[in-house]
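Data first, discussion second: the structure below is written as structure tokens.
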Amino acid sequence: MVTGLGSGSGSDPTSDSNGWGRARGLALKSLVLIGGVLLVKRLTKSTTRWDHAKIVTQSLTGEKFSKEQASRDPDNYFNIRMLTCPAAEMVDGSKVLYFEQAFWRTPQKPFRQRFYMVKPCPKELKCDVEVGSYAIRDAEEYKNFCDRSKDQRPLPEEVIGDIAEHLTTIHLKRCDRGKRCLYEGSNPPGGFPNSWNGATYCTSELAILKNNEIHTWDRGYDDGGNQVAFMVTHLI
């Protein structure tokens with residue numbers, strides 16, 4: 001009889017099955033726990049200083065317009081085209097970007113041209129990335145640099161040789177959780193010399209949003225510290 005098979009000194013099949021089930025459950029829980037720890041370690045892996053610089057470089061690169069801002073307030077804003085692309089790399093790994101701005105109807109006639117140098121902030125500063133702005137030695141030779149084929153552009157070593165006067169540097173810091181931006185920052189206190197609209201010095205602020213939108217705030221001040229110029233630009 002079936003009941004006799006389970007009597008006496010023989011083992012209980014139900015008990016063996018339950019024991020195996022518990023062992024298998026513990027093994028699965030251990031695997032899940034180990035896998036969870038590995039995943040958390042991957043997700044919380046710290047971003048290096050050069051990772052931050054790479055993200056900022058990628059966010060600044062490309063073609064952006066202030067069309068939406070101009071359509072909302074056409075009396076005060078123009079549709080500006082901003083075009084930025086890689087131009088060279090320094091020995092220390094810093095990326096050199098060529099930057100130009102033009103009115104969208106006349107992109108072949110930029111009214112502002114710069115080199116940007118993007119690299120991690122020095123360890124002694126409380127920031128993640130610094131974006132240095134430099135004049136171009138012969139700006140005319142670089143008009144529409146990004147629109148040209150690579151064989152029609154100045155070579156990287158020529159670009160490095162044409163980096164001229166340092167204009168200003170913006171120190172960017174990663175934005176706190178919950179904010180719309182990825183990075184935000186400004187130039188050091190005191191601004192930089194500039195004669196914009198009668199100003200003697202200017203300040204600049206920059207924010208890089210999560211959708212790669214760029215917001216800038218430029219202010220000009222006279223010798224008395226009075227604000228004489230102001231420009232905010234939203235580029236998408």
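Surface composition of the range 100-236: carbon and sulfur atoms hold 48% of the protein heavy-atom accessible area at a 1.4 Å probe. As a size descriptor, the averaged projected area of the C-alpha convex hull of the range 65-191 was calculated at 10.1 nm².
For the set Glu130, Glu165, solvent exposure ranked by accessible area (probe 1.4 Å, protein chains only) runs largest to smallest as Glu165, Glu130. Protein heavy-atom accessible surface, 1.4 Å probe, per residue over the range 114-155: 57 Å².
Measuring only protein heavy atoms, the 1.4 Å probe finds Glu141 accessible over about 110 Å². Of Lys126/Lys150; Lys123/Lys143; Lys123/Lys179; Lys67/Lys143, which sit over 32 Å apart, Cα to Cα? From Lys126/Lys150; Lys123/Lys143; Lys123/Lys179; Lys67/Lys143, over 32 Å: Lys126/Lys150; Lys123/Lys143.
Considering all C-alpha pairs of the range 139-236, those separated by over 20 Å amount to 57%.
The values are calculated or read from the model by the stated rules, or taken from the named source; none is laboratory data. Since the structure is predicted, the reported quantities are computational estimates derived from the model, not experimental observations. Heavy atoms of the whole protein, side chains included, go into the accessibility calculation; ligands, DNA and RNA do not. Shrake-Rupley method; radii C 1.70, N 1.55, O 1.52, S 1.80 Å.
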